[in-house]
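Worksheet for the structure shown next.
The values are calculated or read from the model by the stated rules, or taken from the named source; none is laboratory data. Since the model is a prediction, treat every value here as computed from it, not as a measurement. Glycine also receives a Cβ, built like all others from the backbone with ideal geometry; neighbour counts cover every protein chain displayed. Surface areas here come from the heavy atoms of the whole protein model, side chains and all, with no ligands, DNA or RNA. Shrake-Rupley method; radii C 1.70, N 1.55, O 1.52, S 1.80 Å.
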Amino acid sequence: MGDIVSQRWSDFFDLKQTSTVAEYVAAARVAGAAADALAALPYVRADHIYVAGHSVGGTLTMLAAMSSGRFRAAASFSGSPDQRRWGAGQPE
């Protein structure tokens, strides 16, 4: 089970600030699947799974927390809650 999650996660490991919204949503779903896989392990307390990230990972953290009820808490450090507004201020 862990190999499947690792393989799927690696597809999104290199998210950049230029990634599409669809890529972020897909990565958030993979994070939720990873949490589900962790929760199934006998030595993991399923009600104590947390998610955290910085910058692009912070944005992914917010999406993962909103799209899955699996996480007890989430900590986003310098994530962007509004990618459209953020992107409007960036040079092309």
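When you go through R84, R29 one by one, which is the residue that is surrounded by 13 or more Cβ atoms within 10 Å (Cβ to Cβ) and of a type in the set (K, R)? It would help to see each step written out before you state the result.
Working: R84 fails: surrounded by 13 or more Cβ atoms within 10 Å (Cβ to Cβ).
That would be R29, the only listed residue that is surrounded by 13 or more Cβ atoms within 10 Å (Cβ to Cβ) and of a type in the set (K, R).
Only one of these is modelled with pLDDT of 85 or more and among the aliphatic types (A, V, I, L, M): A88, A65. Name it. Give the steps one after another, and end with the answer.
Numbers: A88 fails: modelled with pLDDT of 85 or more.
The conditions single out A65.
Here's the yes/no breakdown for (1) in contact with a Pro (Cβ under 8 Å, 6 or more places away or on another chain); (2) open to solvent by 80 Å² or more (accessible area, probe 1.4 Å); (3) modelled with pLDDT under 70:
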{"position": "G2", "(1), (2), (3)": "no, no, yes"}
{"position": "W9", "(1), (2), (3)": "no, yes, yes"}
{"position": "V21", "(1), (2), (3)": "no, yes, no"}
{"position": "A33", "(1), (2), (3)": "no, no, no"}
{"position": "G53", "(1), (2), (3)": "no, no, no"}
{"position": "T59", "(1), (2), (3)": "yes, no, no"}
